[in-house]
């Protein structure tokens, strides 16, 4: 009995993570009658499609919605990266934090359009202009292996790419995704390629590979007669929406990218160019049997499904339960190693729950649980349908916690069971699996294994029973997020037939504005160590206060906190004892840190908490936005230390936030007094107080009030002020002119971080006062040198520096300076928003010169 339950639970977990849009940290899904009917129809379609591109937001959501809901295919989107290198329109998160947000935005999109989401280990290291450059940073063979693994798992009949494999794709990542897709098309069916995968999957050869092209890739007047045409703009009566409407809602989940979309209705042709495989004349799935006849013994299943569909009563979905049980029985008697039998078995169990109106959830009383603590999980099952059902047992796999219930639930009845789940003190925090170990600039590292159940590790060492579940590296690859853990499984009996439903343990609460909210139950360390600030930058040898906040993950935590600094730095005090009496309690500890030499130097400080002989060096970061589940990260408690030779003129800075960045805190690090301004506070009297006013990244894309405030800002310049505008995205600019004189924004950029810089006007004050800017100031930059440089500008603007990527011409508009009245207007596309938090010394010196101009 234990073994059968174990296998059932394991199967449910693995299928849920690999074959369906993630339901982690979501309200349990409710089904309308028409959605159930659509699901029943999908049972009779045995076809699969996979769409491949480079980033979140590259996917064609209308085509995905059409494939998943119109053609009823098992549809997947494989994104090479998580979008870590992009910019954030909704907050200050960059790099890994942004990648986590964009991962969840993709999952939110897939829950709407019905496709499944997968990734490779490739890291979005920033904009790349060629596939050649991309493959010098990505491990091409590893990314290809990941693609092949997902293809072999999902067995798509047809592969689609979003981009061509050449310069027309624009971004080097885009080109690379198409190149890799073509290679994966061949490699997936070759047993000699990546044979280590064949322990778990079989080789799989898709029928064809097609490029989903569009007007932006074709030349005006180009003959498209050789392309397949598909109308993806149809209307789905069961969903009450067109695929264009579904797509708009799906794409609008990419909020961090500012991709809110309007709904489209009516004909929408998608053009598909053959790339590899069999040629199709009229339809991309031509020649592919998508019925139950494609699998041995499937005809009998198809007949039973046909009968369920024919007899379906939209006013009484529960009447379909008996028929679905027959379908399930037929599937169980078939060969279980068949991909489609396992796929459809999961769909049947989901539809059974939907037809029954059975609501199940497992909730913890708090959002987190510390290692060595016990979580009290309330499991609730509510029968909202007309068919009685028996809950036989409830258990949490891996915890050895079984509860015999044997309770019949009739219409309207509720069952509640409390499970006490002990968490081992050795269990690591619930860090996303791809962030648990250090990676490279181009690739994330996947750990050797990840626990599915947070049970006591001693049980695993002492017992040979199946009460411990892990996922190995191979089965982690491709997943959008950690497998559900911990989870609770219910053994249900319906008309004498047992089946199982597995649900995640979550924290549920009611937000006064957003209403009922769910978030993952996070395993946290007994104490988290948070360091305030991204970098500590010293322009002199005066000490700075480094605040460290301790956060208790459980009650009664005592220990000592130390702050380690490298040679050439001094910290006081050396160690501080702490005591936190209640879970969630915080204690602020302040250290004094200073350099011991006037020589420029860089290093890193690290905070360490010691509790009961164990050391803890991770902080606790929560990312919360209303359109995605709350995410919990555990970053290392480290921060850069930088001693920089820097002078400045002026002191008071006004800062108008745009899309969100951490530049204000960086300015405070070098001694400026920074006031954050709302755009409606932009008045002549307010601006007069400031030596300079800075606009945050994308301010002219996101701050509507700037339409009205612009004349006041330019008057401030005319009267002697400095206005510094950081990069503005060329699309969606709020004003026809963002400066006192015309300039044309573009997508031009320099992606090579340390591209050599020429000084076009070496005597320009902005290069000499109060700091002498040299080539050394452009060393050690991260991700990119600059972006969204203007392509044209009025002669009133003075160029200052130039640089270029390999094989390109000079870009001269990284810094544009215009005298306007008594003051100065500066536009800069330099990526200061990345360099300052990273502690790049030259970025501080350059910005100080901008602020000091004319002083």
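The values are calculated or read from the model by the stated rules, or taken from the named source; none is laboratory data. Values in this document were obtained by computation on a predicted structure and should not be read as measured data. Every residue, glycine as well, gets a Cβ built from its backbone with ideal geometry; the counts of neighbours run over all protein chains shown.
Tabulated data
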| quantity | calculated |
| --- | --- |
| Among the candidates 826, 851, 846, residue that is assigned to a strand (DSSP E or B) and modelled with pLDDT of 95 or more | 826 |
| Some residue of the range 709-717 being within 25 Å of the chain's Cα centre (by Cα) and either surrounded by 21 or more Cβ atoms within 10 Å (Cβ to Cβ) or part of a strand (DSSP E or B) (or both) | no |
| Any hit, the range 181-189, residues being touching a helix residue (DSSP H, G or I) at 6+ places or on another chain (Cβ under 7 Å), modelled with pLDDT of 95 or more and more than 17 Å from residue 53 (Cβ to Cβ) | yes |
| Unique match (being in contact with a strand residue (DSSP E or B) (Cβ under 9 Å, 6 or more places away or on another chain), assigned to a strand (DSSP E or B), farther than 26 Å from residue 320 by Cα and at pLDDT 85 or above) among 381, 375 | 375 |
| Residue within the range 340-351 that is outside any helix (DSSP H, G or I) and modelled with pLDDT under 95 present | no |
| Among (1) farther than 20 Å from residue 645 by Cα; (2) surrounded by 15 or more Cβ atoms within 10 Å (Cβ to Cβ); (3) modelled with pLDDT under 95 - the single one residue 678 does not satisfy | (2) |
| Helices (runs of 4 or more DSSP H) wholly inside the range 1-89 that include at least 2 residues being touching a strand residue (DSSP E or B) at 6+ places or on another chain (Cβ under 8 Å) and at pLDDT below 95 | 2-19 |
| All positions within the range 387-425 that are at pLDDT 90 or above and touching a helix residue (DSSP H, G or I) at 6+ places or on another chain (Cβ under 7 Å) | 387, 389 |
| Single match in 396, 315, 386, 381 (criterion: over 30 Å from residue 37 (Cβ atoms) and in contact (Cβ under 8 Å) with a residue 60 or more places away in the chain) | 396 |
| Any hit, the range 783-792, residues being at pLDDT 95 or above, surrounded by fewer than 21 Cβ atoms within 10 Å (Cβ to Cβ) and not in a strand (DSSP E or B) | yes |
| Any chance residue 584 is surrounded by 13 or more Cβ atoms within 10 Å (Cβ to Cβ) and on the phi > 0 side of the Ramachandran plot | yes |
| The one condition in (1) surrounded by fewer than 16 Cβ atoms within 10 Å (Cβ to Cβ); (2) under 24 Å from residue 369 (Cβ atoms); (3) touching a strand residue (DSSP E or B) at 6+ places or on another chain (Cβ under 6 Å) that residue 556 fails to fulfil | (3) |
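Conditions tested, residue by residue: (1) within 31 Å of the chain's Cα centre (by Cα); (2) without any contact (Cβ under 8 Å) to a residue 12 or more places away in the chain; (3) in a helix (DSSP H, G or I).
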{"residue": "210", "(1), (2), (3)": "yes, no, no"}
{"residue": "217", "(1), (2), (3)": "yes, no, no"}
{"residue": "222", "(1), (2), (3)": "no, yes, no"}
{"residue": "226", "(1), (2), (3)": "no, no, no"}
{"residue": "239", "(1), (2), (3)": "yes, no, no"}
{"residue": "245", "(1), (2), (3)": "yes, no, yes"}
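Yes/no matrix, rows are residues, columns are (1) surrounded by fewer than 20 Cβ atoms within 10 Å (Cβ to Cβ); (2) under 18 Å from residue 505 (Cβ atoms); (3) under 37 Å from the mean Cα position of the chain (by Cα):
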{"residue": "325", "(1), (2), (3)": "yes, no, no"}
{"residue": "329", "(1), (2), (3)": "yes, no, no"}
{"residue": "350", "(1), (2), (3)": "yes, no, yes"}
{"residue": "381", "(1), (2), (3)": "no, yes, yes"}
